[in-house]
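I have placed the structure first, in the form of structure tokens, so that the comments after it can refer back to it.
The values are calculated or read from the model by the stated rules, or taken from the named source; none is laboratory data. Keep in mind that what you see is a predicted model, and the values were worked out from it rather than measured. FYI the Cβ positions are ideal-geometry reconstructions off the backbone, even for glycines, and counts take in every protein chain you see. Accessible surface areas use protein heavy atoms only, side chains included; no ligands, DNA or RNA. Shrake-Rupley method; radii C 1.70, N 1.55, O 1.52, S 1.80 Å.
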Amino acid sequence: MRHVLCAYLRYWPIDRLRRRRPELRRKPLVLIETSGNRQTIVHVSPETPADIYPRMALAAARARHTEVLDFPATPEADLRSLEAMDTG
């Protein structure tokens with residue numbers, strides 16, 4: 001019999017980045033997606049001010065809080081790292 005575990009990893013993309021870049025721990029950061037000339041926030045760290053949220057334009061977030069760090073979102077790499085945990 002195979003057991004299934006279901007876990008909600010709300011900050012997985014942020015956590016994965018911080019594992020590779022420990023200097024980013026406890027800093028407000030966002031992950032962005034670029035489409036044309038528009039950069040949109042797709043993930044926010046828990047330390048990010050509450051008035052910055054997913055689907056917000058990065059330019060609007062920058063106008064509110066200049067100290068927030070931004071990095072490109074990497075959904076394919078996030079998925080591959082989750083799949084690598086499957087010991088199936």
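Worth a mention:
- Identity of the residue in the stretch 59-86, at pLDDT below 95 and small (Gly, Ala, Ser), that ends up nearest to residue 33 (Cα to Cα): 77
- Residue 34 under 12 Å from the mean Cα position of the chain (by Cα) and among the polar types (S, T, N, Q): no
- Checklist (1) free of Cβ contacts under 8 Å to residues at least 60 places away in the same chain; (2) surrounded by 11 or more Cβ atoms within 10 Å (Cβ to Cβ) applied to residue 3, failing item: (2)
- Residue that is nearest to the chain's Cα centre (by Cα), among those in the stretch 39-55 that are among the hydroxyl-bearing types (Ser, Thr, Tyr) and under 11 Å from residue 28 (Cα atoms): 45
- For first residues located in the stretch 28-45 and on the phi > 0 side of the Ramachandran plot, partners that are open to solvent by less than 40 Å² (accessible area, probe 1.4 Å) and not aromatic (Phe, Trp, Tyr) and lie 6+ apart or on another chain with Cβ distances below 6 Å do not occur.
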